[in-house]
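The structure appears below as structure tokens.
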Amino acid sequence: MSNPGTLSAALAYVPNWWQETTDTGAFDKLMRGWAQACGWRACGFVWPGDNSPAVVRMVQGGVLVDVSSPPEVPDAVRRIRGGEETVMYSVPGTTGRVFAGVQPVGRPLGVVWAERVAGQPWTDADRAYVALTGKTMERSPSLAAVVGPVLDPDKLCTRLADAAVIAGRMAHDFDNILTGIIGFSDLTLPMLPPGSQAASFVAEIGKVGQRGIVFTQQLHQLSRSGQVKPQPTTVLVAAAKEEARIKPLMSPNVRIEKDLPPNLPAVALESGPFQIVLGHLLENAVEACPQGGLVRVTARPVELSEADAKMFLGKVGVGAHLLVSVTDTGIGIKPEVRRRLFAEPFYTTKVRHRGIGLAIVFRILSSHRGGIQIDPVPSPGTGTQVRVVLPLAAARSPASAGNPANLPTPGGTISTTVVGG
């Protein structure tokens, strides 16, 4: 692809990745077309999956072949995650195999690769083109048909912002209605004979009104969740307050454990919104353990690379952040449910819930340059792990180059201190 004519044909092929499709075979067809337009000896795509089978595609001689992923993939992923745009390896009979990253926002890092026949050396322009293809594929509808929903954080923010405007207006109107219902039921109840059927009916009206107030409070939270309030606060304060609020409502068979070192740095998010984020995550974790279990809250400072930042759905940048994890040992999250979260705003499987909690969490995090990631606990464990990141209130020195993210390994050992039961 070193000659200008071939490079022009390769660049002309780029818009093909953007064609709208839900056909699972479209991605394979595009891979074959890409190989032909660029004159690759072979090319492929490898995506590790998020607790689902890996996706592996390879085209050779213009034909899709069924093979395992190239042996260089793990090292290529490690190097790309470390900041390299492309990496190249020697392959007999070729002038090398070049890898670039493909990482839809909020999903694991995958790679696209290509190799050229002997006598056709790679140029910087060729390698940059492979990297461009990887960036283009990240939002390709054809990729979504293969790996599941490819989310656009900007579009999601816009959709939720529109919904938040309506929610705020509805909440105000319903507050007025519910206040009248609750007020008149409170005035009527003392006028009725205690224990009478009429008294029980009026008492029930009051309870229904109170449940309605809880719902309108969520609508208010959604309406206000896009407001930027970067006043410094610590996870210790927010976690302690939310634990005290939730603990009386928990089953005695559910325990909360925390691993929150006293010297954790402050984040650029006001205490109130931070409590709302932790509160929704803790409530979900407790509800996921109907038969009892363990909810763990951990936090640690991390240094995020570009690849690390893209693992989180939101508007996360590189640099110093606080990583907060809420993990439960409950029933876990089904793959089909996880794929629909955020892809379908307000999606929920819970009876009498409206899916507003995660929408609120996402808006608060996004407006403060943070993000969220939801994963099943790796086997043999059970449950769900939710991780959120928020930028620190004060800058930190970069982490060592050997581990740019310093992220905890899923399923790894976490020291805990029992604080609830």
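The values are calculated or read from the model by the stated rules, or taken from the named source; none is laboratory data. What you see is a predicted model; the values in this text were computed from it and never measured. Using ideal geometry, Cβ is built from the backbone for each residue, glycine included, and neighbour counts are taken over all protein chains shown. Side chains included, ligands, DNA and RNA excluded: accessible areas come from the protein's heavy atoms. Shrake-Rupley method; radii C 1.70, N 1.55, O 1.52, S 1.80 Å.
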Meets criteria (closer than 30 Å to P104 by Cα and acidic (D, E)) for E242 | no
Which ones in the range 85-94 are more than 17 Å from M311 (Cα to Cα) and not in a strand (DSSP E or B)?
-> S90, V91, P92, G93
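Here's the yes/no breakdown for (1) over 14 Å from G44 (Cα atoms); (2) modelled with pLDDT under 90; (3) assigned to a helix (DSSP H, G or I):
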residue: R79; (1), (2), (3): yes, no, yes
residue: G83; (1), (2), (3): yes, yes, no
residue: R107; (1), (2), (3): yes, yes, no
residue: V112; (1), (2), (3): no, no, no
residue: W122; (1), (2), (3): yes, no, no
residue: A128; (1), (2), (3): yes, no, yes
residue: L151; (1), (2), (3): yes, yes, no
Test result for G383, modelled with pLDDT of 90 or more, under 30 Å from P290 (Cα atoms) and in contact with a strand residue (DSSP E or B) (Cβ under 9 Å, 6 or more places away or on another chain) | yes
Would you check if there is a residue in the range 282-291 being out of contact with any Phe, Trp or Tyr (no Cβ under 9 Å at 6 or more places or on another chain), among the β-branched types (V, I, T) and either surrounded by 22 or more Cβ atoms within 10 Å (Cβ to Cβ) or not in a strand (DSSP E or B) (or both)?
-> yes
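Matching residues to (1) at pLDDT 90 or above; (2) open to solvent by less than 50 Å² (accessible area, probe 1.4 Å); (3) within 18 Å of L278 (Cα to Cα):
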site	(1), (2), (3)
G314	yes, yes, yes
L322	yes, yes, yes
D328	yes, yes, yes
G332	no, yes, no
E336	no, no, no
E344	no, no, no
Does Q36 satisfy being in a loop (DSSP other than H, G, I, E, B) and touching a residue at least 24 places away in the same chain (Cβ under 8 Å)?
-> no
Pairing a residue in the range 65-92 that is at negative phi and touching a residue at least 40 places away in the same chain (Cβ under 8 Å) with any residue that is assigned to a loop (DSSP other than H, G, I, E, B) and crowded, with 16+ Cβ neighbours inside 10 Å, where Cβ atoms lie under 8 Å and the two sit 6 or more apart in sequence or on different chains, gives I80/L109; R81/L109; R81/S305; R81/P404; R81/A405; G82/S305; G82/P404
